[in-house]
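In what follows, a single structure is set out as structure tokens and then discussed.
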Amino acid sequence: MKFTLSWLKDHLETEATVAQVADAMTMAGLEVEHVSDPATKLAAFTVARIVEAVQHPNADRLRVCQVDTVDGRKEIVCGAPNARVGLTTIYAPIGAYVPGLGVTLVEKPVRGVVSNGMLCSASELEQADESDGIMELPDSLSVGTPAAEALGLEAVIDFEVTPNRPDWLGVAGIARDLAAAGLGTLKDQAVAPVPGTFANPIAIKVDGVACHAFSGRLIRGVKNGPSPAWLQGRLKAIGLRPINALVDVTNLISYDRARPLHVYDAKLLVGDVIEARLGHHSEHGDEQLIALDGKTYDLAPTMSVISDAAGERPIGLGGVMGGASTGCSDETVDVFVESAWFDPIVTAQTGRDTGINSDAQYRFARGVDPGFMVGGLELATKLILDLCGGEPSEVTVAGQVPAPPAAFDFDPAYVERLSGLAIPAEQTVDILKKLGFAVDGSKVTPPTWRRDVEGPADLVEEVARLVGYGALPSTPLPEVAKPPGGVLTTKQARARIARRALAAMGWRETVSWSFTKRSTAELFGGGGDDLVLANPIAADLDCMRPSALPNLIEAAGRNARRGFPDAALFEIGPVFLTDRPDGQRTVIAGVLAPHPARHPGGAEAEPVFALKADVLALLEEIGAPVASLQLTQTGLPSWWRPGRSASLGLGKNGLVTFGELHPRVLKALDVAGPVLGFELVLENVPEPKKKGLKTRPAFTGAALMPLSRDFAFVVDQAKPAGDLARAAAGADKTLIAEVRIFDVYQGPGVPDGQKSVALEVVIQPREATLTDAEIEALAAKVVAAVEKLGAKLRG
Amino acid sequence: MTDLTALEADLIGQIDAAADVAALEAIRVAALGKSGSISGLLKSLGGMSPDERREVGPKINGLRDAVAAAIAARKTTLEDAELDKKLAAEALDLSLPAVPRRKGSVHPTMQTMDEMVAIFADMGFAVAEGPDIEDDFHNFTALNFPEKHPAREMHDTFFFNRKEDGERMLLRTHTSPVQVRTMMSQQPPIRIIAPGRTYRCDSDATHTPMFHQVEGLVIDKAIHMGHLKWTLETFLARFFETDSVTTRFRPHHFPFTEPSAETDVQCDRSGGELKIGQGSDWLEILGCGMVHPNVLRACGIDPTVYQGFAFGMGVDRLAMLKYGMPDLRDMFAGDTRWLSHYGFSAFAAPSQAAGLS
């Protein structure tokens, strides 16, 4: 919403400057977005007069002018055809920034003659799109007058109107708030009715749905044409294009009073009834309207349609845009003026469906004051009679505007209770009255233009914002007992630990979209209908992700394409199994594209084992029962590479899957392999056992030296070596402290299809040193336990 | 009687000339071994008279001690030389690179969220959560957005496809639905923050289709706007880690608060750099207000008994303001160079004791 200071002063008695108005607006909740002040922008430009103009010695089209300026007489070279003696125009000194050219003037010779400044055209001052000469101003202007003043330019304030305040879409409404904020005195805004001199020959019909109420009158014998300079200037200042006097009057009132109107050329109406109804739909489809913007719109049965010809011909989209067939032109002699009240929801929907965002649509969608329907018509009548002459009919009103807001109870003490502001009750009442509220004892009735006010809390806001939020006290929150164990849930605490643990292990945290491409989601077991967005921001972000891996893999791919192939990225975030609240999981996912710098020390082992180390360390850090987890390499989801991936879990509850990603998936994502990854579902990690005390069990360091014995077993190649280690460890849970696999061998000496697995068994004597016989017995138990799995001790 | 002096000179000469530990050992055996020359002399003492023994004994013993000491000294010298030689042979060129180790980091948005949690936890706020996929009730209706009101349009909501039963799920446009879920599941007093992902169908340098918010909610019997102001002033000063954050509360409109405000902080934008806590410009930081009675009612809380405030702020945006990232989209691009530049050390966990960053 834009307006000028002089327009505001039509409604507000004030000495305030533009800056003061803008500040007061901001602090009253009218968020100023931009103040465009030509006086500042054109500060360097002033009125000047040419006293001599002679032909340039070296250029046919240039003239050397002697110019009286604010800086004294100056010699200026000018190429404009109208640079002549006696012309009053605009002068820019050296050093001025010329907005229309985007240059700062420097002193330099033009074909050998130094120009000490510049004479400006309208386009150079951004006052016209193009011009064919320097400005020609009235001779009455004295030399040195600021350009903005000479051109009648004014500061324009542009601010954001919040959807609760449609009354701010009119300058009069802004003035009312500023008066209540103490910036000045509101002028009388009452509109005197203009009596009609004959019966309105045009009947009006409304159905109460498409249009609640419709007032109108005929004004005959008008003389339409361009509107006067003051009206054109006012519209142009806020970026509106003057059309003709009748239309300009409706635009003026739309911005002055937030009251949209429409004018019809009555001679072009068919029949003598105007009817507001819903759109007609037949077997031929929706009826259509060619609107004033020249475009053709389908009129759906949800839209408000203005029609004539006994309801047969659409002549407008009610509250949105008029039709081309009955628009007013310079030839218009009889004008029918409409001031109606259209439903906000219907109008908003019509705006969305048609894509029309007109000033009228914007206002009706937000709610136009139902108390000023006929008032708007009377104001329009007065202006039309003033500008175009003519003779008005009586006013016809059809339908009912919505009932005015009801009174409710309000206790002024509630202001302090809710806002903390200690305001005397009289001041509260005074502010409310200035805003148009009726206050009667404990009852407050909102004005018809404040349909956003429903109860006492709204009134507290009115009082608080006009007193100023700067007066709010700063009151410490009451102390509350904090939970001794911190405020985070187990899941939150685990995510927090995991983040820092992974970062410490060399992983870089990233945050990627919660969405992905549906076909990608399908590759990762997702892509269900309930997780596909109806209005995605981009076609490749149309589905909620079933896994954080694809986005991380693609991020690794982007890094590689930029020349940085080595990446260890992780993310802690949501994945979606269904669209229900319980269908969301928090995962910790990582993707590793191992391309470490080559090193004279040689290549590292298979990177999957480094990954496994990180995964196990992560599980340990977040308090997962690592020792109880079972590893399986079978039955994994299809995006993992078979044989090089595994999942760790408790029974059927998988906590984490890790390993290499399937080459087929990488190909589909256009990312070069190998790429490894892991994904841990935080919800699947069991809650730690609750312990009342923080104390740990007493430390029992064994007094005796541990000893170790090595074994080698030959076993079927497919048998996981980890099974052998697990069996060995189970042979004597008291004495065997640890079993380490230190070698796996296939080749000469080991039968085809088999492998040799070397185990180091660490024995921790507990009570006394073990005798040779005891050690032999233990070794036999280890061999027996492992051989149960089909392995043979290697001879 | 052998000339002890000559023997000593001979042996010392041999010892000094010994080229390695093995040669030295041969000399030791020849002199001090079972049948060595000095051992032989010591043995001869047994056949001497007491007077002779008294005279010769100390000399022989002295010879033995001198030779043994010379051997030990020479041995040390030889061993040192051998060690030096071995060490010289095993020298490494330490200008060679270290074993490559990846450096990790924490994402600045998550670091910022941790900072916020640390500050609010200290003020007694618990951390609440809710789902990203919401329904119309929790995201709009319970928060006092009228049906088809323009305020809904302004939210650029991502919708899922409408189902046969007419239900249409959406991606939460703010973290405020967590307010609703909290109030519906818990009686006042309530003091929570709710950090999380939020979504709007919008994309440019300052808007991304996904971003992070932290919501705050305090409900009790006598909480008023002055408490809100103190809470946010305290938070902002601690967050920006400066003594002097000047804040400004401006009236605004949100359907779910009444009165509503936006909070600005004073800043200096001169020189193309943003400095919080000085200057004369204002920067909008967050939206807040007193929870609308209709919202309390929708959540089953009696607005004539309880009242309180709520606020919501953009985590990514505050991270950008504090740490100087120019473009919001980079936050979600996963560029390892950017992550390395703007990321935080694993060990920079924010705490009230150590400072936030």
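What the table shows:
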{"item": "Residue match in the stretch A:638-649 (condition: touching an Asp or Glu at 6+ places or on another chain (Cβ under 8 Å), surrounded by 13 or more Cβ atoms within 10 Å (Cβ to Cβ) and of a type in the set (G, A, S))", "result": "yes"}
{"item": "Filter pass, B:G334 being closer than 30 Å to A:F515 by Cβ, free of Cβ contacts under 8 Å to residues at least 24 places away in the same chain and crowded, with 20+ Cβ neighbours inside 10 Å", "result": "yes"}
{"item": "Every residue from the stretch A:457-471 that is surrounded by 22 or more Cβ atoms within 10 Å (Cβ to Cβ) and more than 8 Å from chain B (Cβ to nearest Cβ)", "result": "A:L459, A:E462, A:V463, A:L466"}
{"item": "Test: residue in the stretch A:110-125 that is exposed (fewer than 15 other Cβ atoms within 10 Å of the Cβ) and not in a loop (DSSP other than H, G, I, E, B)", "result": "yes"}
{"item": "Lone unmet requirement of (1) within 34 Å of the chain's Cα centre (by Cα); (2) modelled with pLDDT of 90 or more for A:G239", "result": "(2)"}
{"item": "Subset of the stretch B:92-125 [part of a loop (DSSP other than H, G, I, E, B), touching a residue at least 12 places away in the same chain (Cβ under 8 Å) and of a type in the set (A, V, I, L, M, F, W, C)]", "result": "B:M123, B:F125"}
{"item": "Of all residues in the stretch A:494-517 being assigned to a helix (DSSP H, G or I) and out of contact with any Asp or Glu (no Cβ under 8 Å at 6 or more places or on another chain), the one that is farthest from the other protein chains (Cβ to nearest Cβ)", "result": "A:R494"}
{"item": "B:L7 vs. criteria farther than 16 Å from B:A69 by Cβ and of a type outside the set (S, T, Y)", "result": "no"}
{"item": "Residue satisfying all of: in the stretch B:92-128; hydroxyl-bearing (S, T, Y) and in contact with a Lys or Arg (Cβ under 9 Å, 6 or more places away or on another chain); nearest to the other protein chains (Cβ to nearest Cβ) among these", "result": "B:S105"}
{"item": "Residues (closer than 27 Å to B:M116 by Cβ and surrounded by 19 or more Cβ atoms within 10 Å (Cβ to Cβ)) located in the stretch B:280-297", "result": "B:I285, B:L286, B:G287, B:C288, B:G289, B:M290, B:V291, B:H292, B:V295, B:L296"}
{"item": "Output for the stretch A:609-637, where each listed residue is farther than 22 Å from A:N684 by Cβ and surrounded by 15 or more Cβ atoms within 10 Å (Cβ to Cβ)", "result": "A:A610"}
{"item": "Checklist (1) within 11 Å of another protein chain (Cβ to nearest Cβ); (2) within 28 Å of the chain's Cα centre (by Cα) applied to B:V214, failing item", "result": "(1)"}
{"item": "Residues that are modelled with pLDDT of 95 or more and either more than 25 Å from A:A175 (Cα to Cα) or aromatic (F, W, Y) (or both), drawn from the stretch A:423-451", "result": "A:F437, A:K443, A:W449"}
{"item": "Selection status of B:G166, surrounded by fewer than 22 Cβ atoms within 10 Å (Cβ to Cβ) and within 9 Å of chain A (Cβ to nearest Cβ)", "result": "no"}
{"item": "Odd one out for A:G173 among (1) over 18 Å from A:L252 (Cα atoms); (2) surrounded by 20 or more Cβ atoms within 10 Å (Cβ to Cβ); (3) of a type outside the set (A, V, I, L, M); (4) at pLDDT 95 or above", "result": "(1)"}
{"item": "For A:S329: the one exception among (1) surrounded by fewer than 14 Cβ atoms within 10 Å (Cβ to Cβ); (2) under 23 Å from A:A213 (Cα atoms)", "result": "(2)"}
{"item": "Criterion violated by B:N144 - all others in (1) at the interface with chain A (Cβ under 8 Å from one of its Cβ atoms); (2) on the phi > 0 side of the Ramachandran plot satisfied", "result": "(1)"}
{"item": "Residue under evaluation A:A199, criteria (1) touching a Ser or Thr at 6+ places or on another chain (Cβ under 9 Å); (2) crowded, with 17+ Cβ neighbours inside 10 Å, criterion not met", "result": "(2)"}
{"item": "Whichever residue in the stretch A:336-360 is farther than 21 Å from A:S215 by Cα and of a type in the set (D, E, K, R) and, among such residues, is farthest from the other protein chains (Cβ to nearest Cβ)", "result": "A:D353"}
{"item": "Filter result for A:S474 (of a type in the set (S, T, N, Q), away from chain B (no Cβ under 13 Å) and touching a Lys or Arg at 6+ places or on another chain (Cβ under 6 Å))", "result": "no"}
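Quick grid of which residues meet (1) acidic (D, E); (2) surrounded by 21 or more Cβ atoms within 10 Å (Cβ to Cβ); (3) modelled with pLDDT of 90 or more; (4) farther than 19 Å from A:A150 by Cβ:
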residue: A:L62; (1), (2), (3), (4): no, no, no, yes
residue: A:Q66; (1), (2), (3), (4): no, no, yes, yes
residue: A:G102; (1), (2), (3), (4): no, no, no, yes
residue: A:E107; (1), (2), (3), (4): yes, no, no, yes
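Table: residues versus (1) within 16 Å of B:L217 (Cβ to Cβ); (2) in the same structural domain as B:I193 (by TED's automatic domain parsing); (3) modelled with pLDDT of 95 or more; (4) of a type outside the set (K, R).
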residue	(1), (2), (3), (4)
B:F145	no, yes, no, yes
B:M154	no, yes, no, yes
B:T157	no, yes, no, yes
B:K163	no, yes, no, no
B:V178	yes, yes, yes, yes
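The values are calculated or read from the model by the stated rules, or taken from the named source; none is laboratory data. This is a predicted model, so every value here is computed, not measured. Positions of Cβ are generated from backbone atoms using ideal geometry, with glycine treated the same way; all protein chains shown enter the neighbour counts.
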